[in-house]
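The values are calculated or read from the model by the stated rules, or taken from the named source; none is laboratory data. Nothing here was measured: the structure is a model prediction, and the numbers come from that model. Neighbour counts are summed over all protein chains in view; Cβ atoms, including those assigned to glycine, are modelled from backbone coordinates with ideal geometry.
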Amino acid sequence: MKGVKALASSVRVGLPDYREEIRLLIDGGEYIVVELLIERTHTGPMHGMAPTGNAVAFPDVTILKLREGKIVEQRGLSDYLTMFQQLGVIPELV
């Protein structure tokens, strides 16, 4: 758990601004699927990387399970490959 908290803290410091745009919202009754475009700017140190000033925009998908109108489960997937390519850490794929 400490590792997860350290990772989340590093991302908040390195990419402090946060904007999201809902691209798709599917209401399937028991399940809701949300596709977001997340936008941030690398203005602080993150995972040992000096700030690049690069803006990043990457997709994120979240699946929510509802029971009696309350969220009882959440799963998500963020496209960190795209984010790290935009930061220049990973080369663009051909």
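If you take the residues in region 1-58 that are modelled with pLDDT under 90 and among the basic types (Lys, Arg), which one is surrounded by the most Cβ atoms within 10 Å (Cβ to Cβ)?
Within region 1-58, the match that is surrounded by the most Cβ atoms within 10 Å (Cβ to Cβ) is Arg12.
Confirm whether Ile22 is touching a strand residue (DSSP E or B) at 6+ places or on another chain (Cβ under 9 Å) and free of Cβ contacts under 8 Å to residues at least 40 places away in the same chain.
Judged against the criteria, Ile22 is a match.
Can you tell me how many residues in region 76-94 are among the aliphatic types (A, V, I, L, M), surrounded by 15 or more Cβ atoms within 10 Å (Cβ to Cβ) and either assigned to a strand (DSSP E or B) or touching an Asp or Glu at 6+ places or on another chain (Cβ under 7 Å) (or both)?
0
Out of the residues in region 59-75 meeting the condition of being in a strand (DSSP E or B) and either at pLDDT below 95 or among the hydrophobic types (A, V, I, L, M, F, W, C) (or both), tell me which one is nearest to Leu37 (Cα to Cα).
The extreme case among them is Val61.
Only residues that are assigned to a strand (DSSP E or B) and without any contact (Cβ under 8 Å) to a residue 24 or more places away in the chain: list them for region 31-58, please.
Matches in region 31-58: Leu37, Glu39.
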